[in-house]
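Presented below is the structure to which this report refers.
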Amino acid sequence: MHHFATPLRPAQQTGASLRASQYKRRRVHDSPDHHDQLDDDVDQTNVHPAPLHDPWASEQRHVAGLSSNDAFQIPAAPFPHAAPRRPRANFTAASIQQELAALSPAVFVSEAAPTAQSPGGPSRDNSALKTKHLNVLSTIMHRCLLEGDYNRAARAWGMVLRTQAHGKPIEPRQNGLWGLGAELLMRRKDKQDSHIIDGDAYSDHGFELAKDYYKRLILQYPIRTFQPNAIDATTFYPPLFSVWIMQVLERSKRARRHHRRATEVAWTDDNIMDEDTPMTSDEKRAHEEHVQDEELSGAREISEKLDELVQSPPYDKNAQLLVLRGHIGLWISDLLLGKTATQDQDDCWDYDTETIDLQSNEDVADKIQKCINSREELNRAVECFKQVSKVSNAPPQDIDSIVRAQELDIDKRLKDLSST
(Lines give C-alpha, C1' and ligand atoms only; values in the text may rest on other atoms or scores of the structure.)
Protein backbone atom coordinates (compact mmCIF):
# COMPACT_ATOMS: atom_id res chain seq x y z
CA MET A 1 0.00 0.00 0.00
CA HIS A 2 1.29 3.44 -0.91
CA HIS A 3 1.66 5.68 2.13
CA PHE A 4 1.32 9.46 2.14
CA ALA A 5 3.36 11.80 4.34
CA THR A 6 4.01 10.10 7.65
CA PRO A 7 2.82 11.87 10.82
CA LEU A 8 5.94 10.72 12.66
CA ARG A 9 8.87 12.95 13.45
CA PRO A 10 12.35 11.84 12.29
CA ALA A 11 13.27 10.91 15.88
CA GLN A 12 10.27 8.55 16.02
CA GLN A 13 11.21 6.70 12.85
CA THR A 14 13.36 3.66 13.70
CA GLY A 15 15.22 1.33 11.40
CA ALA A 16 15.92 -2.38 11.66
CA SER A 17 16.47 -4.13 15.00
CA LEU A 18 19.89 -4.94 16.40
CA ARG A 19 19.52 -8.64 15.63
CA ALA A 20 18.65 -7.86 12.03
CA SER A 21 21.62 -5.54 11.70
CA GLN A 22 23.97 -8.28 12.96
CA TYR A 23 22.88 -10.66 10.23
CA LYS A 24 22.31 -8.10 7.49
CA ARG A 25 23.67 -9.25 4.14
CA ARG A 26 26.53 -7.03 2.97
CA ARG A 27 27.18 -6.24 -0.63
CA VAL A 28 30.50 -7.66 -1.78
CA HIS A 29 32.36 -5.87 -4.55
CA ASP A 30 35.08 -7.17 -6.79
CA SER A 31 37.61 -4.75 -5.34
CA PRO A 32 39.94 -6.37 -2.77
CA ASP A 33 39.52 -3.30 -0.56
CA HIS A 34 35.86 -4.11 -0.06
CA HIS A 35 36.60 -7.72 0.91
CA ASP A 36 38.62 -6.45 3.84
CA GLN A 37 35.57 -4.61 5.18
CA LEU A 38 33.62 -7.80 5.90
CA ASP A 39 35.29 -8.32 9.28
CA ASP A 40 33.31 -5.59 11.06
CA ASP A 41 33.51 -7.23 14.49
CA VAL A 42 37.26 -6.59 14.80
CA ASP A 43 38.15 -3.33 16.49
CA GLN A 44 40.54 -1.60 14.09
CA THR A 45 41.36 1.29 16.43
CA ASN A 46 43.83 -0.61 18.62
CA VAL A 47 45.62 -2.46 15.79
CA HIS A 48 49.07 -1.12 14.78
CA PRO A 49 49.99 -2.40 11.36
CA ALA A 50 53.62 -1.36 11.77
CA PRO A 51 55.90 -4.34 10.91
CA LEU A 52 58.22 -5.78 13.58
CA HIS A 53 61.35 -5.39 11.42
CA ASP A 54 60.90 -1.64 11.15
CA PRO A 55 64.10 -0.17 12.68
CA TRP A 56 62.40 3.03 13.74
CA ALA A 57 59.63 1.09 15.54
CA SER A 58 62.22 -1.18 17.20
CA GLU A 59 64.14 1.83 18.46
CA GLN A 60 61.01 3.38 19.88
CA ARG A 61 60.08 0.16 21.69
CA HIS A 62 63.64 -0.09 23.08
CA VAL A 63 63.46 3.48 24.46
CA ALA A 64 60.08 2.73 26.01
CA GLY A 65 61.41 -0.45 27.62
CA LEU A 66 59.25 -2.78 25.54
CA SER A 67 60.31 -5.93 23.80
CA SER A 68 59.28 -7.05 20.35
CA ASN A 69 56.57 -9.25 21.89
CA ASP A 70 54.90 -6.17 23.36
CA ALA A 71 54.27 -4.58 19.98
CA PHE A 72 50.50 -4.84 20.15
CA GLN A 73 50.35 -3.52 23.75
CA ILE A 74 51.41 0.00 22.80
CA PRO A 75 48.61 2.44 23.62
CA ALA A 76 46.89 4.17 20.77
CA ALA A 77 47.33 7.79 19.81
CA PRO A 78 47.95 10.40 21.21
CA PHE A 79 50.48 8.26 23.15
CA PRO A 80 53.34 9.07 23.91
CA HIS A 81 52.57 12.80 23.65
CA ALA A 82 49.55 12.57 25.97
CA ALA A 83 47.66 10.04 28.00
CA PRO A 84 45.37 7.81 25.99
CA ARG A 85 41.80 8.99 25.81
CA ARG A 86 39.26 6.88 27.59
CA PRO A 87 35.75 6.93 26.22
CA ARG A 88 33.04 7.97 28.57
CA ALA A 89 30.60 5.33 29.64
CA ASN A 90 27.28 6.11 27.99
CA PHE A 91 24.78 3.58 29.21
CA THR A 92 21.79 3.68 26.88
CA ALA A 93 19.44 1.03 25.64
CA ALA A 94 21.28 0.78 22.32
CA SER A 95 24.76 0.59 23.90
CA ILE A 96 23.67 -2.08 26.38
CA GLN A 97 22.18 -4.19 23.60
CA GLN A 98 25.33 -3.81 21.49
CA GLU A 99 27.53 -4.79 24.42
CA LEU A 100 25.41 -7.86 25.07
CA ALA A 101 25.46 -8.76 21.38
CA ALA A 102 29.31 -8.57 21.39
CA LEU A 103 29.55 -11.38 23.97
CA SER A 104 30.42 -14.91 22.97
CA PRO A 105 27.85 -16.39 22.63
CA ALA A 106 25.83 -13.29 21.78
CA VAL A 107 22.94 -12.35 24.02
CA PHE A 108 20.03 -10.46 22.49
CA VAL A 109 17.32 -8.64 24.42
CA SER A 110 13.92 -10.23 24.05
CA GLU A 111 11.71 -8.46 21.53
CA ALA A 112 8.81 -8.51 23.96
CA ALA A 113 10.75 -6.87 26.80
CA PRO A 114 10.39 -3.10 27.41
CA THR A 115 13.25 -0.84 26.40
CA ALA A 116 15.54 0.77 28.96
CA GLN A 117 14.73 4.30 27.81
CA SER A 118 11.04 3.94 28.53
CA PRO A 119 10.48 1.48 31.44
CA GLY A 120 7.22 -0.29 31.01
CA GLY A 121 6.78 1.32 27.59
CA PRO A 122 6.02 -0.31 24.27
CA SER A 123 8.27 -2.97 22.92
CA ARG A 124 10.14 -2.75 19.65
CA ASP A 125 7.67 -5.07 17.99
CA ASN A 126 4.75 -3.06 19.34
CA SER A 127 6.31 0.20 18.11
CA ALA A 128 6.69 -1.25 14.63
CA LEU A 129 3.05 -2.28 14.72
CA LYS A 130 1.99 1.22 15.76
CA THR A 131 4.08 2.76 13.02
CA LYS A 132 2.40 0.54 10.45
CA HIS A 133 -0.98 1.40 11.93
CA LEU A 134 -0.22 5.13 11.65
CA ASN A 135 0.84 4.75 8.02
CA VAL A 136 -2.42 2.96 7.22
CA LEU A 137 -4.47 5.62 9.01
CA SER A 138 -2.62 8.38 7.17
CA THR A 139 -3.29 6.67 3.83
CA ILE A 140 -6.98 6.27 4.64
CA MET A 141 -7.24 9.92 5.68
CA HIS A 142 -5.65 11.23 2.48
CA ARG A 143 -7.69 8.86 0.34
CA CYS A 144 -10.93 10.05 1.96
CA LEU A 145 -9.87 13.66 1.41
CA LEU A 146 -9.32 12.99 -2.28
CA GLU A 147 -12.74 11.33 -2.56
CA GLY A 148 -14.53 14.08 -0.60
CA ASP A 149 -15.53 11.83 2.32
CA TYR A 150 -14.68 14.41 4.98
CA ASN A 151 -16.52 12.73 7.85
CA ARG A 152 -14.49 9.56 7.55
CA ALA A 153 -11.30 11.57 7.02
CA ALA A 154 -12.02 13.49 10.24
CA ARG A 155 -12.40 10.23 12.17
CA ALA A 156 -9.10 8.95 10.78
CA TRP A 157 -7.41 12.26 11.66
CA GLY A 158 -8.71 12.00 15.24
CA MET A 159 -7.32 8.47 15.56
CA VAL A 160 -3.93 9.70 14.29
CA LEU A 161 -3.82 12.45 16.93
CA ARG A 162 -4.73 10.04 19.75
CA THR A 163 -2.05 7.51 18.79
CA GLN A 164 1.38 7.53 20.43
CA ALA A 165 4.57 6.33 18.76
CA HIS A 166 7.57 5.36 20.89
CA GLY A 167 5.92 6.82 23.95
CA LYS A 168 5.40 10.28 22.40
CA PRO A 169 2.26 11.83 20.90
CA ILE A 170 1.95 12.73 17.25
CA GLU A 171 3.27 16.17 16.32
CA PRO A 172 0.60 18.02 14.26
CA ARG A 173 3.21 20.44 12.88
CA GLN A 174 5.02 17.61 11.07
CA ASN A 175 4.62 17.75 7.27
CA GLY A 176 1.94 20.46 7.54
CA LEU A 177 -0.64 18.20 9.18
CA TRP A 178 -2.12 21.15 11.09
CA GLY A 179 -3.60 22.45 7.84
CA LEU A 180 -5.53 19.21 7.32
CA GLY A 181 -7.12 19.56 10.75
CA ALA A 182 -8.35 23.08 9.97
CA GLU A 183 -9.74 22.02 6.58
CA LEU A 184 -11.67 19.14 8.13
CA LEU A 185 -13.10 21.38 10.85
CA MET A 186 -14.24 23.98 8.31
CA ARG A 187 -16.27 21.33 6.48
CA ARG A 188 -18.06 20.12 9.60
CA LYS A 189 -21.74 21.08 9.65
CA ASP A 190 -24.09 21.41 12.60
CA LYS A 191 -27.63 20.08 12.52
CA GLN A 192 -28.88 23.42 13.82
CA ASP A 193 -27.62 25.25 10.72
CA SER A 194 -31.01 25.39 9.01
CA HIS A 195 -29.88 28.21 6.71
CA ILE A 196 -27.26 26.01 5.09
CA ILE A 197 -28.17 25.25 1.49
CA ASP A 198 -27.37 21.90 -0.07
CA GLY A 199 -24.04 22.13 -1.88
CA ASP A 200 -22.43 24.63 0.50
CA ALA A 201 -19.01 23.33 1.46
CA TYR A 202 -18.66 25.38 4.64
CA SER A 203 -20.85 26.52 7.51
CA ASP A 204 -20.62 29.07 10.31
CA HIS A 205 -20.20 26.25 12.81
CA GLY A 206 -17.23 24.88 10.86
CA PHE A 207 -15.60 28.30 10.60
CA GLU A 208 -15.91 28.83 14.35
CA LEU A 209 -14.34 25.42 15.01
CA ALA A 210 -11.44 26.23 12.68
CA LYS A 211 -10.86 29.61 14.36
CA ASP A 212 -10.82 28.02 17.82
CA TYR A 213 -8.43 25.39 16.49
CA TYR A 214 -5.95 28.02 15.29
CA LYS A 215 -6.26 29.95 18.56
CA ARG A 216 -5.35 26.81 20.52
CA LEU A 217 -2.35 26.22 18.25
CA ILE A 218 -1.20 29.81 18.84
CA LEU A 219 -1.35 29.32 22.60
CA GLN A 220 0.28 25.89 22.46
CA TYR A 221 3.18 26.97 20.22
CA PRO A 222 4.23 30.52 21.16
CA ILE A 223 6.87 32.54 19.37
CA ARG A 224 10.41 31.09 19.47
CA THR A 225 12.81 34.00 19.11
CA PHE A 226 15.92 31.83 18.84
CA GLN A 227 14.31 29.50 16.30
CA PRO A 228 13.27 31.70 13.37
CA ASN A 229 12.35 28.73 11.16
CA ALA A 230 10.18 27.01 13.76
CA ILE A 231 6.44 26.58 13.22
CA ASP A 232 4.92 28.77 15.91
CA ALA A 233 2.33 31.52 16.39
CA THR A 234 3.72 33.54 13.49
CA THR A 235 2.78 30.64 11.20
CA PHE A 236 -0.78 30.24 12.51
CA TYR A 237 -1.91 33.89 12.60
CA PRO A 238 -2.18 34.38 8.79
CA PRO A 239 -4.44 31.33 8.25
CA LEU A 240 -6.52 32.36 11.29
CA PHE A 241 -7.35 35.72 9.70
CA SER A 242 -7.78 34.09 6.29
CA VAL A 243 -10.42 31.75 7.73
CA TRP A 244 -12.10 34.73 9.39
CA ILE A 245 -12.21 36.66 6.10
CA MET A 246 -13.56 33.61 4.31
CA GLN A 247 -16.30 33.27 6.93
CA VAL A 248 -17.51 36.85 6.36
CA LEU A 249 -17.51 36.44 2.58
CA GLU A 250 -19.31 33.09 2.66
CA ARG A 251 -21.93 34.56 4.99
CA SER A 252 -22.67 37.32 2.48
CA LYS A 253 -22.89 34.87 -0.44
CA ARG A 254 -25.17 32.59 1.55
CA ALA A 255 -27.47 35.49 2.51
CA ARG A 256 -27.91 36.49 -1.15
CA ARG A 257 -28.61 32.93 -2.31
CA HIS A 258 -31.00 32.27 0.56
CA HIS A 259 -33.00 35.44 -0.13
CA ARG A 260 -33.11 34.72 -3.84
CA ARG A 261 -34.41 31.18 -3.35
CA ALA A 262 -36.96 32.31 -0.79
CA THR A 263 -38.25 34.93 -3.23
CA GLU A 264 -38.46 32.41 -6.06
CA VAL A 265 -40.52 30.08 -3.86
CA ALA A 266 -42.88 32.94 -3.00
CA TRP A 267 -43.31 33.76 -6.69
CA THR A 268 -44.11 30.12 -7.45
CA ASP A 269 -46.69 29.84 -4.65
CA ASP A 270 -48.52 32.96 -5.81
CA ASN A 271 -48.49 31.79 -9.43
CA ILE A 272 -46.94 35.03 -10.62
CA MET A 273 -43.84 33.54 -12.19
CA ASP A 274 -43.52 36.10 -14.97
CA GLU A 275 -40.44 37.66 -16.49
CA ASP A 276 -42.27 40.99 -16.81
CA THR A 277 -42.73 41.30 -13.01
CA PRO A 278 -39.20 41.32 -11.63
CA MET A 279 -38.23 42.38 -8.14
CA THR A 280 -38.40 46.13 -7.67
CA SER A 281 -35.23 48.13 -7.39
CA ASP A 282 -36.20 49.35 -3.90
CA GLU A 283 -36.38 45.77 -2.60
CA LYS A 284 -33.08 44.94 -4.25
CA ARG A 285 -31.48 48.05 -2.78
CA ALA A 286 -32.77 47.36 0.73
CA HIS A 287 -31.59 43.76 0.71
CA GLU A 288 -28.19 44.59 -0.79
CA GLU A 289 -27.59 47.42 1.69
CA HIS A 290 -28.36 45.07 4.58
CA VAL A 291 -25.94 42.43 3.28
CA GLN A 292 -23.20 44.99 2.69
CA ASP A 293 -23.66 46.46 6.17
CA GLU A 294 -23.19 43.03 7.71
CA GLU A 295 -20.12 42.38 5.56
CA LEU A 296 -18.68 45.80 6.42
CA SER A 297 -19.18 45.16 10.13
CA GLY A 298 -17.30 41.85 9.90
CA ALA A 299 -14.48 43.40 7.84
CA ARG A 300 -14.00 46.21 10.36
CA GLU A 301 -13.89 43.73 13.23
CA ILE A 302 -11.12 41.81 11.45
CA SER A 303 -9.17 45.01 10.72
CA GLU A 304 -9.33 46.11 14.38
CA LYS A 305 -7.95 42.77 15.61
CA LEU A 306 -5.26 42.81 12.96
CA ASP A 307 -4.26 46.40 13.78
CA GLU A 308 -3.79 45.44 17.43
CA LEU A 309 -1.55 42.56 16.37
CA VAL A 310 0.74 44.34 13.88
CA GLN A 311 1.47 47.20 16.27
CA SER A 312 3.88 45.11 18.38
CA PRO A 313 6.99 43.16 17.31
CA PRO A 314 7.67 40.73 15.77
CA TYR A 315 4.34 40.95 13.96
CA ASP A 316 4.99 44.53 12.79
CA LYS A 317 7.52 43.07 10.32
CA ASN A 318 5.50 40.05 9.27
CA ALA A 319 4.97 40.40 5.51
CA GLN A 320 1.98 38.04 5.39
CA LEU A 321 0.06 39.93 8.06
CA LEU A 322 0.86 43.29 6.48
CA VAL A 323 -0.35 42.09 3.08
CA LEU A 324 -3.55 40.85 4.69
CA ARG A 325 -4.10 44.20 6.38
CA GLY A 326 -3.56 46.01 3.08
CA HIS A 327 -6.09 43.89 1.23
CA ILE A 328 -8.59 44.26 4.07
CA GLY A 329 -8.19 48.03 3.70
CA LEU A 330 -9.02 47.76 -0.01
CA TRP A 331 -11.96 45.52 0.86
CA ILE A 332 -13.42 48.01 3.36
CA SER A 333 -12.85 50.86 0.91
CA ASP A 334 -14.89 49.02 -1.72
CA LEU A 335 -17.68 48.23 0.72
CA LEU A 336 -17.96 51.90 1.73
CA LEU A 337 -18.44 52.78 -1.93
CA GLY A 338 -21.13 50.11 -2.36
CA LYS A 339 -18.95 47.60 -4.20
CA THR A 340 -18.72 43.95 -3.26
CA ALA A 341 -16.88 40.93 -4.63
CA THR A 342 -19.33 38.37 -3.19
CA GLN A 343 -22.31 39.17 -5.43
CA ASP A 344 -23.27 36.40 -7.83
CA GLN A 345 -22.60 37.38 -11.42
CA ASP A 346 -24.70 34.73 -13.14
CA ASP A 347 -28.16 35.17 -11.66
CA CYS A 348 -31.11 37.55 -11.90
CA TRP A 349 -29.74 39.78 -9.16
CA ASP A 350 -27.23 41.61 -11.33
CA TYR A 351 -27.57 45.34 -11.23
CA ASP A 352 -25.44 48.45 -11.18
CA THR A 353 -24.30 48.88 -7.57
CA GLU A 354 -22.99 52.37 -8.32
CA THR A 355 -26.40 53.54 -9.53
CA ILE A 356 -28.14 52.06 -6.51
CA ASP A 357 -25.62 53.66 -4.19
CA LEU A 358 -26.25 57.10 -5.70
CA GLN A 359 -30.04 56.58 -5.56
CA SER A 360 -30.16 55.30 -1.95
CA ASN A 361 -32.17 57.05 0.71
CA GLU A 362 -29.10 58.25 2.61
CA ASP A 363 -28.31 61.92 2.92
CA VAL A 364 -25.71 63.46 0.69
CA ALA A 365 -23.60 64.28 3.75
CA ASP A 366 -23.55 60.60 4.76
CA LYS A 367 -22.52 59.59 1.27
CA ILE A 368 -19.71 62.13 1.26
CA GLN A 369 -18.55 60.88 4.66
CA LYS A 370 -18.45 57.33 3.32
CA CYS A 371 -16.25 58.47 0.45
CA ILE A 372 -13.91 60.20 2.91
CA ASN A 373 -13.74 57.05 5.07
CA SER A 374 -13.09 55.01 1.94
CA ARG A 375 -10.13 57.23 1.09
CA GLU A 376 -8.75 56.84 4.64
CA GLU A 377 -8.92 53.05 4.40
CA LEU A 378 -7.24 53.25 1.01
CA ASN A 379 -4.39 55.31 2.49
CA ARG A 380 -4.04 52.80 5.33
CA ALA A 381 -3.76 49.99 2.78
CA VAL A 382 -1.07 51.89 0.87
CA GLU A 383 0.95 52.31 4.09
CA CYS A 384 0.79 48.58 4.75
CA PHE A 385 1.97 47.77 1.24
CA LYS A 386 4.88 50.20 1.66
CA GLN A 387 5.89 48.41 4.86
CA VAL A 388 5.80 45.12 3.00
CA SER A 389 8.20 46.58 0.42
CA LYS A 390 10.63 47.55 3.20
CA VAL A 391 10.43 44.18 4.95
CA SER A 392 10.52 41.71 2.05
CA ASN A 393 11.68 43.85 -0.91
CA ALA A 394 8.88 42.22 -2.91
CA PRO A 395 5.70 44.35 -2.95
CA PRO A 396 2.43 42.73 -4.09
CA GLN A 397 1.78 42.82 -7.81
CA ASP A 398 -0.65 45.22 -9.54
CA ILE A 399 -1.31 47.16 -6.32
CA ASP A 400 -0.50 50.56 -7.83
CA SER A 401 -3.06 50.15 -10.61
CA ILE A 402 -5.76 49.03 -8.14
CA VAL A 403 -5.09 51.97 -5.82
CA ARG A 404 -5.08 54.42 -8.69
CA ALA A 405 -8.41 53.12 -10.01
CA GLN A 406 -9.91 53.34 -6.52
CA GLU A 407 -8.74 56.94 -6.11
CA LEU A 408 -10.27 57.92 -9.44
CA ASP A 409 -13.55 56.25 -8.44
CA ILE A 410 -13.65 58.14 -5.11
CA ASP A 411 -12.92 61.46 -6.84
CA LYS A 412 -15.68 60.81 -9.38
CA ARG A 413 -18.22 59.99 -6.67
CA LEU A 414 -17.32 63.07 -4.65
CA LYS A 415 -17.71 65.22 -7.74
CA ASP A 416 -21.13 63.75 -8.58
CA LEU A 417 -22.31 64.14 -4.99
CA SER A 418 -21.11 67.75 -4.86
CA SER A 419 -23.03 68.54 -8.05
CA THR A 420 -26.27 67.13 -6.61
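Relative protection proxy for 400-413, 175-188, 321-334, from highest mean packing down: 321-334, 175-188, 400-413 (other beta-carbon atoms within 10 angstrom).
Can you classify segment 122-251 as rounded, prolate or oblate using the Cα gyration tensor, where a ≥ b ≥ c are the square roots of its eigenvalues, rounded means a/c under 1.5, and otherwise it's prolate if a/b beats b/c and oblate if not? Judged from the Cα gyration tensor, segment 122-251 comes out oblate (a/c at least 1.5, b/c at or above a/b).
Among 214-223, 370-379, the peptide with the highest mean count of other Cβ atoms within 10 Å heads the list, and the full ranking is 370-379, 214-223. Centre-to-centre separation between the Cα atoms of segment 286-335 and those of segment 364-420: 14 Å. Rounded to the nearest whole angstrom, the semi-axes of the ellipsoid equivalent to segment 294-344, taken from the Cα gyration tensor as √(5λ), stand at 24, 11, 7, largest first.
Taking all protein chains in place and a 1.4 Å probe, what share, in percent, of the accessible surface of segment 125-182 do carbon and sulfur account for?
Of the solvent-accessible surface of segment 125-182, carbon and sulfur hold 52 percent.
The values are calculated or read from the model by the stated rules, or taken from the named source; none is laboratory data. Quick caveat: nothing in here was measured; it's all calculated off a predicted structure. Every residue, glycine as well, gets a Cβ built from its backbone with ideal geometry; the counts of neighbours run over all protein chains shown. Just so you know, the surface numbers come from the protein's heavy atoms only, side chains and all, with ligands and any DNA or RNA stripped out. Shrake-Rupley method; radii C 1.70, N 1.55, O 1.52, S 1.80 Å.
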